[in-house]
1. Among the listed residues N123, N150, identify the single one that is surrounded by fewer than 19 Cβ atoms within 10 Å (Cβ to Cβ) and within 22 Å of P109 (Cα to Cα).
2. Restricting attention to segment 193-203, does a residue exist that is assigned to a helix (DSSP H, G or I), hydroxyl-bearing (S, T, Y) and buried (at least 22 other Cβ atoms within 10 Å of the Cβ)?
3. Please find, within segment 129-144, the residue that is nearest to the ligand (Cβ to nearest atom) out of those that are closer than 23 Å to K366 by Cα and touching a Lys or Arg at 6+ places or on another chain (Cβ under 9 Å).
4. In this structure, does K166 turn out to be surrounded by 24 or more Cβ atoms within 10 Å (Cβ to Cβ) and either within 16 Å of the ligand (Cβ to nearest atom) or not polar (S, T, N, Q) (or both)?
5. Could you tell me whether segment 55-66 includes any residue that is in contact (Cβ under 8 Å) with a residue 40 or more places away in the chain, outside any helix (DSSP H, G or I), within 16 Å of the ligand (Cβ to nearest atom) and over 23 Å from F266 (Cβ atoms)?
6. Considering segment 90-110 alone, what residues qualify as being more than 24 Å from S148 (Cβ to Cβ) and outside any helix (DSSP H, G or I)?
7. Has segment 7-16 got any residue that is surrounded by fewer than 24 Cβ atoms within 10 Å (Cβ to Cβ) and at pLDDT 95 or above?
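The values are calculated or read from the model by the stated rules, or taken from the named source; none is laboratory data. What you see is a predicted model, and the numbers here were worked out from it, not measured in a lab. Quick reminder, even Gly has a Cβ in these numbers, built from the backbone with ideal geometry, and neighbours come from all protein chains shown.
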Amino acid sequence: MRWLSIIGAATALATSAAALEPITVKGNAFFAGNERWYIRGVDYLPGGPSKLVDPLADPKICKRDIEYFKELGLNAIRVYTIDNSLDHDECMKALEEAGIYLILDVNTPTRSINRSNPKSTYNEVYLQHVFATIDVMGKYDNTALFFSANEVVNDKTTTPAITYVKAVTRDMKNYISKHLKRPIPVGYSAADVEENRVQQALYLNCGDDEAARSDFFAFNDYSWCGPSSFKESGWDKKVETYKDYSIPLFLSEYGCNNVRPDARPFTEVKSLYSTDMTSVFSGGLVYEYSEEENNYGLVEIENGKVETTEDYDNLKKQFASTKNPTGDGKYKTNGKPSQCPKFEKGKWEAQDELPEFPKKAEKLMKEGAGKPLGNPKTPIGGDDPEDKADNGNAGEEDGGEKGEGEEEEDESGAAGVVRWSVGAVAAVVGAVVAVV
Ligand SMILES: *[C@@H]1O[C@H](CO)[C@@H](O)[C@H](O)[C@H]1NC(C)=O
C-alpha cells in the first residue's frame, strides 16, 4: 500500500511537470498559477533578420537549441517573427517540456505597421495576418505574451505611428477575447530611445477604453554595460520613474556589448532579479542567443553546430546563482491607468482618439481570420504623400537602435526557462540551491 501510493504520487508529479500554467497579469506583475513569474529569457532569431528562418517550425533547429536554453536556466524565449502557415506543434511541445514559454512578435517584414506611413498599413490585409497568427500560436499553453509591435517609434519623427500600435493592440485584445480560450496578454516592445520612452509607456497605458490599454509594456535597454551597478546604469532612476506604473514592465532586450572584445559579465542579472528592481520590473530577455553580424551572441552556430561562448558561461553562472526574490517581489495591485501624455508638435504626436477598426476587417473579427498566409513578399500599404519620414518597416527588418551607438542590425532571441510548473518547481529550486 505504502509503495503504491508513493509510486502514484511520483507519477502524478511526472505528468504535471509537462504542463505549464498559462501566464496571467495581476497588478504590475505576471503570474504562472499562484507564483509570480519573472522572465528569464533570451531573444531568439538564429540566422538574423536577413535570412528570416522560423526556428519554431523546424524541430531540428529548436530541439538543438532547447538543450542550451535548459542549460542556461531559461524560462522564456522571444521570437521576432514566425511563418504562420507552418506547423509549430513539435517545437512548442518541446519548449513546454523544457519549461519554456514563448513571447511572440506577431509581425513580419511585410506585415507590420509602417512607421513612416502607418495609416496605409492599418488595413484588412494586415489584420488578417495578425489574427491568423493569434489563431495559430494562441492555442498553446506556453504562449505567454504577444507583442503587437516592436520599435515602431524610434525617434521624434515617428511618434504618430504609436497611435496605430495602440489600435492594433486594441484589435488583438478584442480578437483574443472572441476567439481564444484564455486571454493572452498583449503589449509593445519599445526601442532604447530615451527621448520618448516614458511617453510611449504612459500612452499605451492611458485612456478610458480598457481594451485599448496594453496588458504590459517592455523596452530595450542597453544602459548596463560591463561591471556596472544599479546606480551607475541608471536603473535606479528607471525604477523611480515607473514606480506608479500599473501594468507589468520588463526589458525586451538587454546585454550591452561595448566591452568587446571581452566577454559580457552579465552582472546585471543579480540586480534585475533583486528587490531593487522587482517592485516595478519582471525580468527580461538577453539579446541574443545566436551570434550574428552585430556581435551579441551567446553561442555561435556554424553548419548547424552550436558552440558556446564565454558570454554564455557567464550568463549561465549568473542565472544559476541568482534566485528570484522570496515572496511576491513587492509587486503592486493598486495602480491606476496612466495619464495620457500631452500632444506636442514635432515631439510627441500621438492621438488620444484611435482610428476606427477597418470596416473591411469586421468579418475577420466576427468569424475568424481564416487561412494563415505565411510571409508574402509583397508589402501592404503604399505611399502617403502627406507623410514623408524615412523608410520604415516596423517589423523585424529594421529595429531601432541598440543603444550605445550600435547600428540597428538585427534582432532575435532565444530564451530560456525556469520550470514553473507546479511539479517541477521543487526539483528546480533544489537544483539551484545545490549549485549555489
Ligand atoms: C513605408 O512607407 C514609406 C513612405 O510612404 C515607403 O517609402 C516605404 O516603402 C514603406 N515601407 C514598406 C516596407 O512598405
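1. Values: N150 fails: surrounded by fewer than 19 Cβ atoms within 10 Å (Cβ to Cβ).
The match here is N123.
2. Just the residues of segment 193-203 that are assigned to a helix (DSSP H, G or I), to begin with: 194-203.
Restricting the remaining residues to those that are hydroxyl-bearing (S, T, Y) gives 203.
Those still in the list that are buried (at least 22 other Cβ atoms within 10 Å of the Cβ) too: 203.
There is at least one residue in segment 193-203 that is assigned to a helix (DSSP H, G or I), hydroxyl-bearing (S, T, Y) and buried (at least 22 other Cβ atoms within 10 Å of the Cβ).
3. Checked segment 129-144; the qualifying residue nearest to the ligand (Cβ to nearest atom) is H129.
4. Numbers: surrounded by 24 or more Cβ atoms within 10 Å (Cβ to Cβ): yes; either within 16 Å of the ligand (Cβ to nearest atom) or not polar (S, T, N, Q) (or both): yes.
In short, yes.
5. No; the residues of segment 55-66 include none that is in contact (Cβ under 8 Å) with a residue 40 or more places away in the chain, outside any helix (DSSP H, G or I), within 16 Å of the ligand (Cβ to nearest atom) and over 23 Å from F266 (Cβ atoms).
6. Within segment 90-110, A98, G99 qualify.
7. No, the conditions are met nowhere in segment 7-16.
So that you can scan it fast, the table gives a plain yes or no per residue for (1) within 16 Å of the ligand (Cβ to nearest atom); (2) under 18 Å from the mean Cα position of the chain (by Cα); (3) modelled with pLDDT under 95:
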residue	(1), (2), (3)
G73	no, yes, no
A76	no, yes, no
I82	no, yes, no
D87	no, no, no
E90	no, no, no
E97	no, no, no
L102	no, yes, no
T110	yes, no, yes
